[in-house]
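Note sheet for the following structure.
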Amino acid sequence: LFIPEDKIIELGMVIFEYGADGRIFRILEEFSEYQDPGKSIPPHIVKLTGITDLMVKNRQLGKQKVFQHLNAADMIIAHYANFDRACLEAHWPDMPIKPWGCTMSQIPWGEEGIESAKLEYLAYRYGFFYEGHRASTDCLAGVHLLSQVLPHSKERVLKTLLNASKKI
């Protein structure tokens, strides 16, 4: 749940090249920046992310660079897209209008025999592990997840998402 008083403290993006069949060819760029929220980061967020007030002090997100990436993208993919979209649109009401894809809600994980749509659990089910709750690391894990094949349908995760997002 996004609360309008919440502030972005870290933004990560991974730009990648893919085919219509859902194969990911290569990662083109990884982007990560901090932002000072203008208030102290709550202790539970520091514990979860490892991001401290000192790390974000006087830092600002580079709007021009972020918008350049967003404008070049076919779509924006996030694991919990409703939350990420609300955060970005609250921060930048003039954000480029792009289609969004959600790997949490637009992939039929349950129908594929996977009990949870939590990113860390999905990584575990696909046999990879990562240190979660950091923007670019979560993005890289998301790209790796998109490159996988669903267990029952044998469809690539990215192709399933593209079809669900009506982008093909």
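The values are calculated or read from the model by the stated rules, or taken from the named source; none is laboratory data. Computed from a predicted model, the values in this text were never measured in an experiment. Virtual Cβ from ideal backbone geometry, glycine too; neighbours counted across all protein chains shown. Remember, those area values only see protein heavy atoms, side chains included, never the ligands or the DNA or RNA. Shrake-Rupley method; radii C 1.70, N 1.55, O 1.52, S 1.80 Å.
Brief remarks on what is shown
- From the list 86, 117, the one residue that fits, being farther than 30 Å from residue 68 by Cα and within 15 Å of the chain's Cα centre (by Cα), is 117.
- Test: residue 157 is more than 26 Å from residue 44 (Cα to Cα), open to solvent by less than 50 Å² (accessible area, probe 1.4 Å) and modelled with pLDDT of 95 or more: yes
- Complete set of residues in region 121-147 that are open to solvent by 70 Å² or more (accessible area, probe 1.4 Å), modelled with pLDDT under 95 and of a type in the set (Phe, Trp, Tyr): 129
- Residue under evaluation residue 71, criteria (1) under 16 Å from the mean Cα position of the chain (by Cα); (2) within 30 Å of residue 163 (Cβ to Cβ), criterion not met: (1)
- Against the list (1) touching a helix residue (DSSP H, G or I) at 6+ places or on another chain (Cβ under 9 Å); (2) open to solvent by 60 Å² or more (accessible area, probe 1.4 Å), the condition residue 83 fails is (1).
- Residue match in region 100-112 (condition: in a loop (DSSP other than H, G, I, E, B), more than 18 Å from residue 146 (Cβ to Cβ), in contact (Cβ under 8 Å) with a residue 24 or more places away in the chain and open to solvent by less than 50 Å² (accessible area, probe 1.4 Å)): no
- The set of residues in region 1-45 being in contact with a Ser or Thr (Cβ under 8 Å, 6 or more places away or on another chain) and open to solvent by less than 50 Å² (accessible area, probe 1.4 Å) consists of 9, 10, 11, 12, 13, 14, 22, 24, 31, 41.
- Count of region 46-80 residues which are among the hydroxyl-bearing types (Ser, Thr, Tyr), within 15 Å of residue 9 (Cα to Cα) and open to solvent by 30 Å² or more (accessible area, probe 1.4 Å): 1
- Meets criteria (more than 16 Å from the chain's Cα centre (by Cα) and in contact (Cβ under 8 Å) with a residue 40 or more places away in the chain) for residue 91: yes
- Within region 130-156, if we keep just the residues that are without any contact (Cβ under 8 Å) to a residue 40 or more places away in the chain and in a loop (DSSP other than H, G, I, E, B), the residue that is farthest from residue 9 (Cα to Cα) turns out to be 154.
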